[in-house]
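S.K.: Just dropping this structure here.
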Amino acid sequence: LLMEQANHHLRSLNRRYELTCRSGSLAILVRDLEMGGEERAASTLSGGETFLISLSLALGLASLNNEKFNMETLFIDEGFGSLSEECLSSVMNALENLHATGRRVGIISHVASLRERIPAQIQVLRTGSSASLVKTTNSNSFF
């Protein structure tokens, strides 16, 4: 079920890839549809590809919410810097759609272009060699 949900999200981010499990194990393989369906180990993925796969799995896990397992908030830490502008836009659209369903999405990143798309922010600004300042926007929710 997790793989089905992750593949659903992955298709909305990038139609080139599909996740599958190695027969008889829990190993996740990435099927590259532009390379004739070749299956690749996660260790062969680029930084951007790894981010997309990880995000798809996290979104798939968040999709499995029920009364016994409830995930209202999802934090995503880094990886945005490894994405092309087009891919970054697709990822942000997917996260905005997730937020629209009532989920909170927290993004931890240094990518400046994300600031334009995220209205609620917590910024940690260095003020000296061992001091910092926390700055927030006026919104009371993540994303």
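S.K.: With the contact rule set at Cα under 8 Å and sequence spacing of 6 or more, what percent relative contact order holds for the chain?
M.R.: Details: 186 pairs, mean separation 26.8, N = 143.
In percent, rounded to a whole number, it is 19.
S.K.: Pulled fully out, how much extra length does the chain show between Glu86 and His110, if you take 0.36 nm times their separation in residues and subtract their Cα-Cα distance? Present the calculation step by step, with values, prior to reporting the outcome.
M.R.: On the way: separation 24, 0.36 × 24 = 8.64 nm, distance 1.78 nm.
Additional length available on full extension: 6.9 nm.
S.K.: Residues of the range 1-111: accessible area per residue at 1.4 Å, in Å²?
M.R.: Working: 6290 Å² over 111 residues.
Result: 57 Å² of accessible area for each residue.
S.K.: Looking at the chain, identify the longest residue range that excludes and avoids all GluC sites (Glu not before Pro) in DSSP loops having at most 15 other Cβ atoms within 10 Å.
M.R.: Value returned for the longest uninterrupted segment is 1-66.
S.K.: Still on this structure, I have one more. Quick one: among Arg104, Arg117, Arg126, which has the greatest mean-square fluctuation in a GNM of the chain with alpha-carbon springs under 10 angstrom?
M.R.: Evaluated over the chain, the most mobile residue of the options is Arg126.
S.K.: Rounded to whole Å, give me the distance from the Cα center of the range 1-52 to that of the range 103-131.
M.R.: If you average the Cα positions of each part, the centres end up 29 Å apart.
S.K.: Please identify the chymotrypsin sites (Phe, Trp or Tyr not before Pro) of the range 2-79 that satisfy two criteria: DSSP loop assignment and at most 15 other Cβ atoms within 10 Å. Which are they?
M.R.: Sites meeting the loop and neighbour criteria: Phe69.
S.K.: Can you sort Ser56, Ser132, Ser43 by 1.4 Å-probe accessible area, starting with the largest? Provide the component values of the computation, followed by the final result.
M.R.: Numbers: Ser56 0, Ser132 75, Ser43 110 Å².
Of Ser56, Ser132, Ser43, the descending order of accessible area is Ser43, Ser132, Ser56.
S.K.: Could you pull out the trypsin sites (Lys or Arg not before Pro) across the range 1-94 that fall in loop regions by DSSP (anything but H, G, I, E, B) with no more than 12 other Cβ atoms inside 10 Å? Kindly include the intermediate steps, with their values, before the conclusion.
M.R.: On the way: sites: Arg11, Arg15, Arg16, Arg22, Arg31, Arg40, Lys68; in loops: Arg15, Arg16, Arg22, Lys68.
Loop-located and lightly packed - Arg15, Arg22, Lys68.
S.K.: Where does the chain land at 222 nm, in deg cm²/dmol rounded to the nearest 500, when only DSSP H runs of n ≥ 4 count, each adding -39500 (n - 2.57), divided by all residues? Don't skip to the answer; put the middle values down first.
M.R.: Details: 4 runs with 49 residues, N = 143.
So the helix-based figure for the chain works out to -10500 deg cm²/dmol.
S.K.: Still on this model: Taking the Cα centre of the range 1-91 as origin, sum charge times position over the Cβ atoms of Lys and Arg (+1) and Asp and Glu (-1), and report the length of that vector in debye to the nearest 20.
M.R.: It comes to approximately 260 debye.
S.K.: Kindly write out, for the range 9-18 in residue order, the coupling ³J(HN,Hα) from the Karplus curve 6.51 cos²θ - 1.76 cosθ + 1.60 (θ = phi - 60°), rounded to whole Hz, with x marking Gly and Pro.
M.R.: 5, 4, 4, 6, 8, 6, 6, 6, 10, 8
The values are calculated or read from the model by the stated rules, or taken from the named source; none is laboratory data. Just so we're clear, the structure is a prediction, and the values are computed from it rather than from any experiment. Here the Cβ is made from the backbone with ideal geometry for all residues, glycine too, and neighbour counts use every protein chain on show. Side chains included, ligands, DNA and RNA excluded: accessible areas come from the protein's heavy atoms. Shrake-Rupley method; radii C 1.70, N 1.55, O 1.52, S 1.80 Å.
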